[in-house]
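Report on the following structure.
The values are calculated or read from the model by the stated rules, or taken from the named source; none is laboratory data. Since the structure is predicted, the reported quantities are computational estimates derived from the model, not experimental observations. Because the Cβ atoms are built from the backbone with ideal geometry, glycine has one as well, and the counts that use them run over all protein chains shown.
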Amino acid sequence: MKEGPLDPPQNDPTRRAKKWVSRVIIMTDNGRIEGNVHGYPTMRLTDMLNSNTQFIPVTDAVLFELYGDKEFSSAKFLSLNKNIIRIVMEFED
C-alpha cells in the first residue's frame, strides 16, 4: 500500500494500534515464564487465551526452572504455544 502525502511514515509509532500490557506468570509442565503479554483494548487476557490463535506473544520473557528460582533463559520476544500453558497469573499492581 502506497502512503499518501498526509500519511505518517510506516515506522511512525503513531501508526501502531493501541494495546494494553499485562505482566504475567505462565506455568507450563517444564517451567515458569515471567513476561509481558499485549492485547487490544476490547480484549481481556481471558479472551486472548480462548481465541482461535494458537500462539500468544510474550515480550521481555524470563524462563525459570519448574522447581525453584533458577533462571535458565530470557528473550525479548517469544511466541508461546497455548497448548503448553497450564496456569496464567497476572502480577498484582
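Restricting attention to the stretch 1-41, the residues that are modelled with pLDDT of 90 or more and among the polar types (S, T, N, Q) total 4.
Suppose we filter the stretch 62-93 for residues that are of a type in the set (A, V, I, L, M) and not in a strand (DSSP E or B); how many remain? Show your work before the answer.
Looking only at the stretch 62-93, we keep the residues that are of a type in the set (A, V, I, L, M), and these are 62-63, 66, 75, 78, 80, 84-85, 87-89.
Applying the additional criterion that residues be not in a strand (DSSP E or B) yields 66, 84.
Residues meeting the conditions: 2.
Return the total of residues in the stretch 39-61 being in a loop (DSSP other than H, G, I, E, B) and either on the phi > 0 side of the Ramachandran plot or not charged (D, E, K, R) (or both). Residues flagged as in a loop (DSSP other than H, G, I, E, B) and either on the phi > 0 side of the Ramachandran plot or not charged (D, E, K, R) (or both) within the stretch 39-61 amount to 8. When the residues of the stretch 23-42 are narrowed to those that are within 13 Å of the chain's Cα centre (by Cα) and not β-branched (Val, Ile, Thr), which ends up surrounded by the fewest Cβ atoms within 10 Å (Cβ to Cβ)? Checked the stretch 23-42; the qualifying residue surrounded by the fewest Cβ atoms within 10 Å (Cβ to Cβ) is Tyr40. If you take the residues in the stretch 52-92 that are small (Gly, Ala, Ser) and farther than 12 Å from Glu34 by Cβ, which one is surrounded by the fewest Cβ atoms within 10 Å (Cβ to Cβ)? Out of the qualifying residues, it is Gly68.
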